[in-house]
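The values are calculated or read from the model by the stated rules, or taken from the named source; none is laboratory data. What you are looking at is a predicted structure, and each value in this text was computed from that prediction instead of being measured. Heads up, the Cβs are rebuilt from the backbone with ideal geometry, glycines too, and the neighbour counts pull from every protein chain shown. Side chains included, ligands, DNA and RNA excluded: accessible areas come from the protein's heavy atoms. Shrake-Rupley method; radii C 1.70, N 1.55, O 1.52, S 1.80 Å.
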Amino acid sequence: MELFNNGEHVCLAFRKLVAGDEAVQANQFLIFDGQHAALIDPGGDMTYSELYIAVSEYVDVKNLDYIIASHQDPDVVASLNKWLVGTRAKIVVPGLWERFIPHFTRPGKSNGRVISMPDEGMNLELGSIRLKALPAHFMHAEGNFQFYDPVSRILFSGDLGANLCLDEELDRPATRLSQVIEYMDGFHRRYINSNKVCRYWANMVRQIDIDMIVPQHGRALTDRAVKDFILYIENLECGVDLMSQESYQIP
Ligand code: FE
């Protein structure tokens, strides 16, 4: 699915590369700007071949600039070894996970190929743009980033905003939060760590101009759903907020 295209700058989502029902649906993203391209959250082993073929219809895959991982989960980076071998791209990972992610590869394979994102975030040069890696720690991973593209004004939000919707709805961005809330609420209550970080995140993203929030699972959010989602997250009770002694009983 084309999320944005002005001729020079293009954002694409690949949504249906995960086969079968056992594994969670996941989106993979390609941003290209002129001759430069980045792949965000390329996924696990099961998406590698199909994604490689799909991406090669748009860019020279070997010359990808970056393979970016928002966090360390298998549905985000389990395919890392294959991408290291199959391309010359730099691998961009949260600093917190830098020493863990090489476990997905063979010894020495990642030497000189890794860009480590510091906790405070960074700007990644990609053609004419600077892709912003925004801190989203504890949402859900302890070291976690989202990516804001200033040209398309898309926020690639990783697991935040994930909605495990019906397959046939995937390509239709939600314009109202009510269209997806039933598919996202349970996930966010359990996986996002606490309301404290939700409020910090809301304060941060309100300072940027966002046309679309695109999570790693499910539908994109656009129009009024963007504002409403930020408000929903700001007020969300989740994670440790909802834990009590009841949750810690010997089984
Ligand atoms: Fe995750």
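Couple of notes before you dig in:
- Out of Asp171, Asp185, Asp149, Asp167, sole residue that is more than 12 Å from the ligand (Cβ to nearest atom) and free of Cβ contacts under 8 Å to residues at least 40 places away in the same chain: Asp185
- Selection of segment 99-112 for residues being buried (at least 16 other Cβ atoms within 10 Å of the Cβ) and over 15 Å from Asp41 (Cα atoms) yields Pro102, Thr105, Ser110.
- Only residues that are in a helix (DSSP H, G or I) and within 20 Å of Gly143 (Cβ to Cβ) were counted across segment 57-82, and they come to 5.
- Residue selection: Asp185 fails the criterion of being assigned to a helix (DSSP H, G or I) and in contact with a helix residue (DSSP H, G or I) (Cβ under 6 Å, 6 or more places away or on another chain).
- Selection within segment 18-40 - open to solvent by 50 Å² or more (accessible area, probe 1.4 Å), away from the ligand (no atom under 16 Å from the Cβ) and either hydrophobic (A, V, I, L, M, F, W, C) or over 25 Å from Asp167 (Cβ atoms) (or both): Ala19, Gln35, His36
- Restricted to segment 70-83, and to residues there that are among the small types (Gly, Ala, Ser) and more than 10 Å from the ligand (Cβ to nearest atom), the residue that is nearest to His103 (Cα to Cα) is Ala78.
- If you check Gly108, Gly161 for being within 16 Å of the ligand (Cβ to nearest atom) and either at positive phi or in a strand (DSSP E or B) (or both), only one passes: Gly161.
- Scanning segment 192-203 for residues that are open to solvent by less than 10 Å² (accessible area, probe 1.4 Å) and within 16 Å of the ligand (Cβ to nearest atom) returns Ile192, Trp201.
- Output for segment 78-98, where each listed residue is touching a Pro at 6+ places or on another chain (Cβ under 7 Å) and open to solvent by less than 10 Å² (accessible area, probe 1.4 Å): Ser79, Trp83
- Residue, most open to solvent (accessible area, probe 1.4 Å), within segment 113-154, restricted to residues that are acidic (Asp, Glu) and assigned to a loop (DSSP other than H, G, I, E, B): Glu120
- Qualifying residue in segment 41-64 (condition: open to solvent by 10 Å² or more (accessible area, probe 1.4 Å) and in contact (Cβ under 8 Å) with a residue 60 or more places away in the chain): no
- The number of residues in segment 204-225 being open to solvent by 10 Å² or more (accessible area, probe 1.4 Å) and either outside any loop (DSSP other than H, G, I, E, B) or among the basic types (Lys, Arg) (or both) comes to 5.
- As for segment 41-56, it holds no residue that is under 22 Å from Asn144 (Cβ atoms), outside any helix (DSSP H, G or I) and in contact with a Lys or Arg (Cβ under 6 Å, 6 or more places away or on another chain).
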